[in-house]
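Taking it in order: structure first as structure tokens, then the write-up.
Nothing in this text is a laboratory measurement; each read-out follows from the coordinates by a stated rule. Keep in mind that this is a model prediction, so the values were computed, not measured. Counting neighbours? That spans all protein chains shown, and the Cβs are built from the backbone with ideal geometry, glycine included.
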């Protein structure tokens, strides 16, 4: 009986350890799955499928970047349009802060000035949006597209107006501060000069008084 009990004890311990290992492994797997799913995106469809879903699709070059709080507004010179207004310019707001504070924060890919892109609804995360030179499959499936209407300019978005106003206000504040600083320096210089003149005049009068004696 004692021998049998000794044989049963190690097996029970092994079973408990095995159960604990399975539970820990399951918990780790669920945690990893939750973390990976938090930053997973459905793969984009075909160019025609994405064209049908999109509000606008165009190809163009980034000519300017306008900061707006923690995001950016990208200004494009449009070359071809497959969907949306036929404007010579387009403004695309970045979504840099869309996933801020989450595990997906690093998934944002910005546009760069001077490069040409094929843009689907400006969704630059897990979409077909990307460099035009890498979009040969899209171009073949989408076709020629249309040229924008000559002389047509897109309206500047309200966010960009606010950004420009904020930048102008900041510049005006800096200029006022610079003028105030200059005025303070001039006042200090004038005061020091006046004190020097008074001190020099007093010293000169004292020397004259001594020389008369």
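Neighbour counts of other Cβ atoms within 10 Å put 197, 92, 65 in the fewest-to-most order 197, 65, 92.
May I ask you to derive the FRET efficiency for residue 185 and residue 134 from their Cβ-Cβ distance with R0 = 45 Å, giving the value to the nearest 0.05? Once the sixth-power term is evaluated, E becomes 0.20.
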